[in-house]
1. Taking the beta-carbon count within 10 Å as an exposure proxy, list ASP145, ASP293 from fewest neighbours to most.
2. Share of Cα-Cα pairs in segment 379-439 beyond 18 Å, in percent?
3. May I ask for the Rg/Rh ratio of segment 204-246, computed from Cα atoms with Rh as the Kirkwood radius, given to two decimals?
4. With a Cα-only, solvent-free Debye model of segment 6-229, what are the log10 I(q)/I(0) values at q = 0.09, 0.15 Å⁻¹?
5. Rounded to a whole number of µm²/s, how large is the Stokes-Einstein D of segment 336-438 at 25 °C and 0.890 mPa s, given Rh as the Kirkwood radius over C-alpha pairs?
6. Anything in the chain that counts as a DSSP H helix reaching 15 Å or more along its axis (C-alpha) with Kyte-Doolittle mean of at least -0.5? List them, would you?
7. Tell me, what is the FRET efficiency for LYS336 and LYS25 to the nearest 0.05, using R0 = 25 angstrom and their Cβ-Cβ distance as r?
8. Per the Kirkwood treatment, what hydrodynamic radius in Å, one decimal, follows for the chain from the mean inverse distance over all distinct Cα pairs?
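Bear in mind these aren't lab numbers, they're just calculated from the coordinates by the rules spelled out. Remember, it's a predicted structure, so these values are computed and weren't measured experimentally. No Cβ is skipped: glycine too gets one built from the backbone with ideal geometry, and neighbour counts run over all protein chains shown.
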Amino acid sequence: MSDVKDGGLSELLALGVRITEAATKGGATVAECMIRRGAELSAKVRMGEPELVEEASHRSAGLRVMKGKRVASTSTSDLTERGIARFVSDALELVELSQEDPFAGPADPKLLCDPAKAPDLDLYDPEGGRVDAGRAVAIAKEAEDAARAFDKRITNSEGATFGRTAGGSAVVLSSGFRATSMGSYQSLSVVPVADDDLGKKRRGSYWTAKRYLNELMPSKEVGEEAARRTLRRLGAKSIPTCEVPVIFDPDAARSILGLLASCVMGSSIWRKSSYLVGREGSRVASDLVTVIDDPLIPRAPGSRPFDGEGLASRKNMVVENGMLRTYLCDSYSARKLSRESTGNAGRGGGAGVGCSTSNFVFQPGKDSPESILKGTKRGLYVTDMMGFGFNAVTGDFSRGAGGFLIENGELTTAVSEVTISLNVDELFQTIDAVGTDLDLRTSTAAPTFRVAKMTVAGPQT
């Protein structure tokens, strides 16, 4: 992949080689460098007028060095000769001040990916980078105009925003690994506001996001769907406390899945900060739940040909038909847990390494979202959640929620100001329906699913 010509990748690679060589000559036993460059554009339109246009480019380097069992990381955006010299010397000075860690070390060289064999996952769309500020404003305006024209009850707007980002990176390890990659991502969101009969402002939203510009939903359709979702919120009210089935739409389901992602990280396991400690190989969810971490899906948001330590990307079965099959580890957490890395290392801008997911996906089921709804006599359909009430050690979960009351298999009254709660362990084990509507707009993704029973708490009197 290092032969990619556009994006200045060869220049990034050469700079990474210079930095790692300087670090090892300065006394580091291990040097690992990540160089990034990219550009972003964001354009926001509100009430038909441009409100904010931001455009920026960046170029930075991160360096992790080791000296024996001591580790230090640092970063810089000053890539002049003087800046790089200071950057390397700072890293070497910091490593001398670090304490030894018996589990520190680079990835096993025998497990490193061969860059020449790394898959092309089609992650970069040059067309996205050609969207200038004028076109970005026009895309956002078309979406907001569609929302405002949809219904006279749409009286205001929090705006429509189009954003795009693209860039490349190079990873150079003193062990010999050298590789580059490029990626892009663009998104469009609309947030209309409507007035209801109670004199309250109700907001809804909708968005689309893809790596390829031509795969975004048409602007007009995004605006119209945002308007529909806003109008559905009119007259929202709380409901009395009850225990009922709860259906999570894909956006809310993704948030629930993110809780599981944080608890299967090897770093959470060795720190004993997860309710899943010691449960590998046991049941943690219903038979309907299968979750994979797959970095090899072409054009997906979390795809990558290799992980942050240079290990070949691989698909990991995390939960299979309700059984926890593996934790997700980088090399450090794998050593702490006496196992091998699962290829789940992420490397930040400062070149520090930690566990990360790629495309963390709750696999779709066989039920359509419509059939799940029709099969629910009375319950709550959750479309959004507020706040953060989750204890990863115990699994206790409680969050504010909004959505719709389900009566006789249909959505009726809009619901707000309620709290949903249930231990996450029980939540996943009592999922009794999984939808077909998986959409990989984000790297953590889930279809609609239903939990057999949760506590829904209305306001206290």
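1. In order of increasing Cβ crowding within 10 Å: ASP145, ASP293.
2. It works out to 48 percent of all Cα pairs.
3. In segment 204-246, Rg relative to Rh is 1.21.
4. -0.54, -0.92
5. The calculation lands on 145 µm²/s.
6. Membrane-span-like by this rule: 9-25, 81-97, 133-150, 250-263.
7. 0.20
8. 24.1
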